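**Student:** The structure is given below, and queries will be raised subsequently.
The values are calculated or read from the model by the stated rules, or taken from the named source; none is laboratory data. The structure presented is a predicted model; accordingly, all values stated were derived computationally and were not measured. Heads up, the Cβs are rebuilt from the backbone with ideal geometry, glycines too, and the neighbour counts pull from every protein chain shown. Surface accessibility is based on the protein's heavy atoms, side chains included, excluding ligands, DNA and RNA. Shrake-Rupley method; radii C 1.70, N 1.55, O 1.52, S 1.80 Å.
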Amino acid sequence: MSHIQQIEHKYKGNSCELTLKIKKSHESPTGLDSGPGRHVQNIRNCDVFIEDYNFLIYLDVQLYKFKNSRRFDMKDIKNVEINYNTKDQCMLLNLPCMPDNEEEHHESTEKSAVEKKSKNNEKSLGLWKLKKITDQCYIRVDNSKELLKPEGNFDYGFASKFRGTIRPFECDLEVVTRMPEPDSVSPLQRTIDREIDEMKNFSRDQYKLNFVELQVPDGLDNPMQFSINFKDSVLSQEEQCILHNLTSKPELMEMPDEYDIMEIDCSLISILLGICYDVRFTSNEINCESAWTRSVLSATLTYFEPFTSLKDVVISFMRRSLIYPLYRNYELSKQCVEDCITALQSNTAWILKQLLVSHDIFETNERSVFNHYYIDDYIRYLSNPAICTAAHLQMLAHNLKNVLLDIFKKHLGLGLQELETELLKELITDIHMAASNSEDDSEDPDCDDEDDEDEDVDDDDEATDDVGTESCESEFYTLPDSESDSTSSSSDTEEDSVIEQKMDNLKL
C-alpha cells in the first residue's frame with residue numbers, strides 16, 4: 001500500500017468539502033531521501049471507497065484517506081463530482097453529511113468517561129466495511145463541460161513497474177494467484193479482497209488445536225525445534241546458471257525511473273517471511289508443498305499487493321500463517337519473523353540462495369508468474385551492491401525487530417485473545433470435571449464391597465465373615481482415603497498450574 005496521504009477538509013452546512021493535494025514529481029511524502037519516489041500521472045486512474053466516517057481514494061499510485069468527525073449521509077451519495085485543478089494540482093469534491101444539530105451535541109457531551117475512553121481507543125477501520133463508489137464518480141478537469149469516468153489501469157509487480165494486461169502463462173492464473181488481472185484492481189481493493197478472504201478462511205478449531213501445543217504428525221520434525229543454518233549459501237551449478245542469466249546484461253540491472261524503496265523492501269520481507277516458514281516446516285528439505293507455502297504466505301505474491309509499512313507486512317504474514325498452512329501457532333509465526341531478522345543481519349548470500357531456490361520450484365510448479373513479476377527482479381536487486389548494500393539490510397533488520405516488539409495478537413484482527421481465553425476456560429473446566437468423576441469412581445467400588453460383605457454375613461458362618469472383613473480392611477490400608485485424596489489433589493494442582501500459567505502468559 002502506498003504512503004497514506006491525509007485529505008484537507010472543511011464543512012459548509014451539511015456538506016464536507018475535501019481537498020486532495022496531488023503529490024508532485026520526485027517529492028517524498030516523508031520529506032526524507034527515500035529514492036526517486038513516485039507521483040500521480042493519470043488522475044482518472046482512481047478507485048473510490050466510503051464508509052460512515054471514512055473516505056478513501058486510491059489515485060493512480062497514491063492512497064488518500066480522510067476520517068470524518070461527522071457521519072456521511074450515505075443515502076445522498078450519488079453521482080459524486082470530482083473537480084481537478086491543473087494549475088494548483090489539487091482535486092476538490094463535496095460529500096453530504098448528517099446534520100450536526102444541538103441535540104446530537106448534547107447527547108455526545110453526556111456520554112460517560114468509559115464510553116469516551118472506548119471511542120478514543122477505537123480499533124482501526126475494517127476495510128471490508130468500505131463501500132466502493134467508483135462507478136458513481138465523475139471527474140471534471142478545469143471546469144470543463146465534459147465529465148470523465150474513472151478508469152482502472154493500475155501498476156503491479158516489482159517496484160510497481162508493470163502496467164497493462166498481465167502476460168499469458170501456460171498455467172491457470174486463477175489457481176496460483178487471487179489476482180489474475182492485477183492491472184484492473186487497485187492496490188486498495190487487493191488489500192480489501194485479501195482481508196475478506198482471510199476472515200472467511202480462518203478456522204477457530206484449527207487454531208485451538210495448535211494453541212497449547214504444536215500438533216506434529218508422526219514422522220515429521222517439530223518445526224519450532226529446527227535450527228536454520230544461515231551460513232548455508234553455496235549455490236548449486238543450476239542456481240549459478242540462473243543467477244548468471246538474470247544478471248549478465250547491464251540493462252537488466254537498472255532500476256525503474258520511479259520507484260519507492262520502502263515498497264521494494266517491504267515486498268522483499270513479505271516474500272522472505274514465506275520462505276522462512278517453509279524452511280522451518282520442511283527442515284530445509286524442499287518438498288511438493290514448498291511452492292504453495294512460499295507463495296500463499298506472501299500477500300505480495302498471492303495478491304500482487306504492495307506494502308510500504310513493515311508493520312502491515314508482518315501482520316499480513318502472521319495472519320496468513322495462522323489461516324492456511326498445516327501448523328497454525330502464534331509463537332511459530334513469531335519465530336519465522338525472527339528468522340527473517342537473523343537472515344537480514346547475517347548473510348545476504350543465504351537470502352539470495354533462497355530466492356534462487358524459490359525461482360527453481362516456481363518454474364517447475366506452474367508458478368512462473370511470480371518469477372517474472374517478482375523473483376527475477378529481487379535476485380537482481382540483492383545482486384546489486386550499489387543499491388542493496390549490507391548496511392541497508394542491517395537497517396531493515398533493525399526496523400523489523402522494532403516492529404515485531406510492537407505487534408501483539410490484538411493487531412491481527414482475528415479475535416485470538418477471546419478465542420484463547422475461551423479455550424483455556426474449557427480446558428480448566430474439563431480437568432475439574434475429570435477429577436471429580438475420578439473421585440466418584442474411586443469411592444463407588446469400596447461402597448459396593450461393603451454391601452457385598454453385609455450380604456455375606458447373612459449367608460456364611462462367622463469364620464468366613466471374619467476373613468471377608470480382614471480382606472476389606474486390608475484394601476483400605478493399601479490405599480487410604482487420605483492418601484488417595486492427596487494424590488488426586490496433587491495431580492489436579494499440577495495440571496491446573498500448567499493451564500493457569502498458560503492463561504497468565506496470554507499476551508492480551
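**Student:** Of everything in the range 235-253, what is in a helix (DSSP H, G or I) and closer than 14 Å to L382 by Cβ? Give them in sequence order.
**Tutor:** E239, I242, L243, L246, T247, L252, M253
**Student:** Any idea how many residues of the range 283-320 are open to solvent by 10 Å² or more (accessible area, probe 1.4 Å), hydrophobic (A, V, I, L, M, F, W, C) and closer than 18 Å to V176 by Cβ?
**Tutor:** Number of matching residues: 4.
**Student:** Among the numbered criteria (1) over 24 Å from H411 (Cα atoms); (2) open to solvent by 40 Å² or more (accessible area, probe 1.4 Å); (3) touching a residue at least 60 places away in the same chain (Cβ under 8 Å), which single criterion is violated by A159?
**Tutor:** (2)
**Student:** Which members of the range 72-94 meet the condition of being assigned to a loop (DSSP other than H, G, I, E, B) and either open to solvent by less than 20 Å² (accessible area, probe 1.4 Å) or modelled with pLDDT of 95 or more (or both)?
**Tutor:** Within the range 72-94, I77 is the sole residue that qualifies.
**Student:** Go through the range 225-253 residue by residue and tally those that are farther than 26 Å from H372 by Cβ and either touching a Gly at 6+ places or on another chain (Cβ under 9 Å) or open to solvent by 60 Å² or more (accessible area, probe 1.4 Å) (or both).
**Tutor:** 5
**Student:** Another question about this same structure. Among the residues of the range 399-414, which ones are exposed (fewer than 13 other Cβ atoms within 10 Å of the Cβ) and either under 30 Å from L235 (Cβ atoms) or aliphatic (A, V, I, L, M) (or both)?
**Tutor:** L405, the sole residue that qualifies.
**Student:** Restricted to the range 109-157, and to residues that are within 23 Å of the chain's Cα centre (by Cα) and polar (S, T, N, Q), which residue is modelled with the lowest pLDDT?
**Tutor:** Among those residues, the one meeting the criterion is N121.
**Student:** Considering each of Q206, Q189 in turn, give the residue that is surrounded by 15 or more Cβ atoms within 10 Å (Cβ to Cβ), at pLDDT below 95 and among the polar types (S, T, N, Q).
**Tutor:** Of Q206, Q189, the one residue that is surrounded by 15 or more Cβ atoms within 10 Å (Cβ to Cβ), at pLDDT below 95 and among the polar types (S, T, N, Q) is Q206.
**Student:** Condition first: surrounded by 16 or more Cβ atoms within 10 Å (Cβ to Cβ), in a loop (DSSP other than H, G, I, E, B) and acidic (D, E). Now tell me which residues in the range 254-274 satisfy that.
**Tutor:** Result: E258, D260.
**Student:** Scan the range 214-264 for residues that are more than 28 Å from L322 (Cβ to Cβ) and in contact with a Ser or Thr (Cβ under 9 Å, 6 or more places away or on another chain) and jot them down.
**Tutor:** Correct list: K231, S233, L243, L246, T247, M253, P256, E258, Y259, D260, I261.
**Student:** Pairs please, first residue from the range 398-413 and under 11 Å from I341 (Cβ atoms) and modelled with pLDDT under 95, second anywhere and assigned to a helix (DSSP H, G or I) and open to solvent by 80 Å² or more (accessible area, probe 1.4 Å), Cβ atoms under 6 Å, 6+ apart in sequence or on different chains.
**Tutor:** none
**Student:** In the range 363-388, which residues are under 15 Å from V296 (Cα atoms) and in contact with a Phe, Trp or Tyr (Cβ under 7 Å, 6 or more places away or on another chain)?
**Tutor:** Result: S368, V369, F370, N371, Y374, I375.
**Student:** Any residue at all in the range 246-266 that is under 15 Å from the mean Cα position of the chain (by Cα) and either of a type in the set (S, T, N, Q) or more than 14 Å from Q354 (Cα to Cα) (or both)?
**Tutor:** Yes: the range 246-266 contains one or more residues that are under 15 Å from the mean Cα position of the chain (by Cα) and either of a type in the set (S, T, N, Q) or more than 14 Å from Q354 (Cα to Cα) (or both).
**Student:** Can you tell me which of (1) open to solvent by less than 10 Å² (accessible area, probe 1.4 Å); (2) in a helix (DSSP H, G or I); (3) not aliphatic (A, V, I, L, M) is the one Y327 doesn't meet?
**Tutor:** (2)
**Student:** Can you tell me which residue in the range 338-351 is nearest to V212 (Cα to Cα), limited to those that are open to solvent by less than 10 Å² (accessible area, probe 1.4 Å) and out of contact with any Cys (no Cβ under 6 Å at 6 or more places or on another chain)?
**Tutor:** The extreme case among them is A343.
**Student:** Go through (1) modelled with pLDDT of 90 or more; (2) assigned to a helix (DSSP H, G or I); (3) open to solvent by less than 60 Å² (accessible area, probe 1.4 Å) one by one and return the number of the condition L424 breaks.
**Tutor:** Evaluating L424 over (1) modelled with pLDDT of 90 or more; (2) assigned to a helix (DSSP H, G or I); (3) open to solvent by less than 60 Å² (accessible area, probe 1.4 Å) leaves (1) as the failure.
**Student:** A further question on this structure: Given the criterion buried (at least 16 other Cβ atoms within 10 Å of the Cβ) and either in contact with a Pro (Cβ under 6 Å, 6 or more places away or on another chain) or at pLDDT below 95 (or both), identify the matching residue among N365, N371, N384.
**Tutor:** Among N365, N371, N384, only N365 is buried (at least 16 other Cβ atoms within 10 Å of the Cβ) and either in contact with a Pro (Cβ under 6 Å, 6 or more places away or on another chain) or at pLDDT below 95 (or both).
**Student:** Ok, one more. Being open to solvent by less than 10 Å² (accessible area, probe 1.4 Å) and either outside any helix (DSSP H, G or I) or among the polar types (S, T, N, Q) (or both) narrows it down to one residue among Q335, Q417, Q354; which is it?
**Tutor:** Q354
**Student:** Output the residues belonging to the range 311-324 that are of a type in the set (F, W, Y) and in a helix (DSSP H, G or I).
**Tutor:** Within the range 311-324, F317 is the sole residue that qualifies.
**Student:** Still on this structure, I have one more. If you take the residues of the range 1-30 that are part of a loop (DSSP other than H, G, I, E, B) and among the hydrophobic types (A, V, I, L, M, F, W, C), which of them is modelled with the lowest pLDDT?
**Tutor:** Going through the qualifying residues, I end up with M1.
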